[in-house]
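*Asks:* First, the structure itself, so that you have it in front of you.
The values are calculated or read from the model by the stated rules, or taken from the named source; none is laboratory data. Worth saying up front: this structure is predicted, and the values here are computed from it rather than measured. Glycine gets a Cβ as well: all are built from the backbone with ideal geometry, and neighbour counts include every protein chain shown. When the accessible area is computed, the model is the full protein with side chains, heavy atoms only, and any ligands, DNA or RNA have been set aside. Shrake-Rupley method; radii C 1.70, N 1.55, O 1.52, S 1.80 Å.
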Amino acid sequence: MRAALKALPLLLAAPVMAATEPVGSLDGVAIIDRLDVMDVAGTARTRFWFRAGASPVGQPWLVPVVVVKGAKPGPRLMLTAGIHGDELNGIAVLHSLASSIDPAELSGTITFIPGLNPPGLMQSARQWTPDWSRSAPNLNREMPGKEAGSAIADFAGRLWSRLIRPNADTAVDLHTQSRGTAYLMYVFASTPRARRMAELVGPDIVKMDKGDKGTVENTLTDDGVPAITLELGRPEIFDDTMIARAEAGLTNLMRELKMLPGKITPPPARLFVANDIMAARATKSGWMRLLLPIGTPVKKDQPLAEIRDAFGTLLETVVAPVEGRINMVATDPRTDQGGTVARIVWWSPAPTCQNGC
């Protein structure tokens, strides 16, 4: 008993293990199971590998993380990209910002995650695809996940509860359109605060949208964290123009959050805000040729594209289903019956549609 009492002060004085505790390293970069940016050194740029479960061959899925912690206190901004493995522009945006922001000028903390979906990225697939023999689910419909659930539920649960949610006061999830299609610089938002964030980023179009269950954006918003989804053009490329615009827009948002010094740029005059969307679809299969470029304002029934058969004979002219603006186009000329040729966004005056129809 006396020995146990003597040991008690030593036990009480023992340091508490920090939440961000390395469990190993790879090429000199610490591997962690959990991140708390409060544990990360200040006025610094720190890299981690986050262990998000294991692959079917028992090797860990490692997600890259960069934490830039400022010299002064401030908000915690979460920037994510690559949750769809064929959507790459956002990764280049995060790489550039993570290396260029000076921690000495920063107030608060930015957590960059440039590659949320390692199996999808390795296979250049939109889906989370660790095993071709199984159905391929969409990781951006799985948040907040569930640790110890199915493989993808566990993966999403670890990302959500150990990495994303505990370190976010504000968030932007970066995407592009998927294979065979293209967007403008385009933002989804679902609340008035998110709309303000979207406008500050300076896109061509803001779409007020209630969104889908399980996305990073909507799961954060539902949990009280203002968040937007930033779409940056085409898949499978690094588009320097889109990347530069996104860097400038996110820097502008950080200025509004008082994280970085500098004058806030107002939303661009060309910005189009919409709250509803409709697809223009082909009724016949064939070769599609667009008649109007992405971003064009259109009237209802204005011709958008022609569909021709294997000999080049015109089969049909696809027209705009509503007056608005072209926000997405198909880039693959091969078109199935019922395939989307373009999407048109517009503003509905219905009171129930203010934050998305």
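*Asks:* What's the number of the condition Arg334 fails, among (1) open to solvent by 80 Å² or more (accessible area, probe 1.4 Å); (2) touching a residue at least 24 places away in the same chain (Cβ under 8 Å); (3) farther than 22 Å from Thr176 by Cβ; (4) among the charged types (D, E, K, R)?
*Replies:* Checking Arg334 against (1) open to solvent by 80 Å² or more (accessible area, probe 1.4 Å); (2) touching a residue at least 24 places away in the same chain (Cβ under 8 Å); (3) farther than 22 Å from Thr176 by Cβ; (4) among the charged types (D, E, K, R), the one that fails is (3).
*Asks:* When you scan the stretch 155-270 for helices (runs of 4 or more DSSP H) that lie fully inside it, which ones turn up with 1 or more residues that are closer than 30 Å to Ala54 by Cβ and not hydroxyl-bearing (Ser, Thr, Tyr)? Working first, answer last.
*Replies:* On the way: elements: 192-201, 216-222, 240-256.
Output list reads 216-222.
*Asks:* On to the next question. Which strands (runs of 3 or more DSSP E) sit wholly inside the stretch 25-144 and have at least 3 residues that are under 16 Å from Ala168 (Cβ atoms)?
*Replies:* The strands (runs of 3 or more DSSP E) meeting that bar are 60-69, 72-81, 107-114.
*Asks:* With (1) crowded, with 22+ Cβ neighbours inside 10 Å; (2) touching a strand residue (DSSP E or B) at 6+ places or on another chain (Cβ under 8 Å) as the list, and Asp239 as the residue in question, which single condition is left unmet?
*Replies:* Status for Asp239: all satisfied but (1).
*Asks:* Go through the stretch 89-101 and report how many residues are more than 10 Å from the chain's Cα centre (by Cα) and surrounded by fewer than 24 Cβ atoms within 10 Å (Cβ to Cβ). Lay out the reasoning, then the answer.
*Replies:* Step one: list which residues in the stretch 89-101 are more than 10 Å from the chain's Cα centre (by Cα), which gives 89, 92-101.
Filter once more, so that each one left must be surrounded by fewer than 24 Cβ atoms within 10 Å (Cβ to Cβ): 92, 95-101.
Total meeting the criteria: 8.
*Asks:* Then there is this: Taking the stretch 38-59, which residues are more than 21 Å from the chain's Cα centre (by Cα) and at pLDDT 95 or above?
*Replies:* Met38, Asp39, Val40, Thr43, Ala44, Arg45, Thr46
*Asks:* While we're here: Against the condition of a type in the set (A, V, I, L, M) and either out of contact with any Pro (no Cβ under 8 Å at 6 or more places or on another chain) or in contact (Cβ under 8 Å) with a residue 40 or more places away in the chain (or both), how does Ile164 come out, does it pass? Let's see the steps before the verdict.
*Replies:* Details: of a type in the set (A, V, I, L, M): yes; either out of contact with any Pro (no Cβ under 8 Å at 6 or more places or on another chain) or in contact (Cβ under 8 Å) with a residue 40 or more places away in the chain (or both): yes.
The answer is yes for Ile164.
*Asks:* Residue check: is Ala280 surrounded by 18 or more Cβ atoms within 10 Å (Cβ to Cβ), of a type in the set (Gly, Ala, Ser) and assigned to a helix (DSSP H, G or I)?
*Replies:* Numbers: surrounded by 18 or more Cβ atoms within 10 Å (Cβ to Cβ): yes; of a type in the set (Gly, Ala, Ser): yes; assigned to a helix (DSSP H, G or I): no.
Judged against the criteria, Ala280 is not a match.
*Asks:* Let me ask you something else. Collect the residues in the stretch 225-269 that are of a type in the set (Asp, Glu) and over 18 Å from Ser100 (Cβ atoms), keeping them in residue-number order.
*Replies:* Here is the first cut: in the stretch 225-269, the residues of a type in the set (Asp, Glu) are 231, 236, 239-240, 247, 256.
Matches in the stretch 225-269: Glu231, Glu236, Asp239, Glu256.
*Asks:* A further question follows. Output the qualifying pairs, or none if there are none: Cβ atoms under 9 angstrom, residues six or more apart or on different chains, first residue in the stretch 228-240 and free of Cβ contacts under 8 Å to residues at least 24 places away in the same chain, second residue surrounded by 18 or more Cβ atoms within 10 Å (Cβ to Cβ).
*Replies:* These pairs meet every condition: Asp240/Ala92.
*Asks:* Does the stretch 204-215 contain at least one residue that is farther than 28 Å from Pro144 by Cα and either free of Cβ contacts under 8 Å to residues at least 60 places away in the same chain or surrounded by fewer than 22 Cβ atoms within 10 Å (Cβ to Cβ) (or both)?
*Replies:* Yes.
*Asks:* What's the number of the condition Trp287 fails, among (1) assigned to a loop (DSSP other than H, G, I, E, B); (2) farther than 24 Å from Lys210 by Cβ?
*Replies:* (1)
*Asks:* Ala269 - would you say it is more than 21 Å from Val93 (Cβ to Cβ) and surrounded by fewer than 18 Cβ atoms within 10 Å (Cβ to Cβ)? Don't jump to the end; show me each part of the working.
*Replies:* Details: more than 21 Å from Val93 (Cβ to Cβ): yes; surrounded by fewer than 18 Cβ atoms within 10 Å (Cβ to Cβ): yes.
Yes, satisfied.
*Asks:* Against the definition (open to solvent by 10 Å² or more (accessible area, probe 1.4 Å) and at pLDDT 95 or above), how does Ser107 come out, yes or no? Reasoning before the result, please.
*Replies:* Details: open to solvent by 10 Å² or more (accessible area, probe 1.4 Å): yes; at pLDDT 95 or above: yes.
Yes.
*Asks:* Could you please find all residues in the stretch 299-329 being among the basic types (Lys, Arg) and either within 14 Å of Arg343 (Cβ to Cβ) or open to solvent by less than 60 Å² (accessible area, probe 1.4 Å) (or both)? Talk me through it step by step, then tell me what you get.
*Replies:* Pass one, the stretch 299-329, residues among the basic types (Lys, Arg): 299-300, 308, 325.
Of everything in the stretch 299-329, just one residue is among the basic types (Lys, Arg) and either within 14 Å of Arg343 (Cβ to Cβ) or open to solvent by less than 60 Å² (accessible area, probe 1.4 Å) (or both), namely Arg325.
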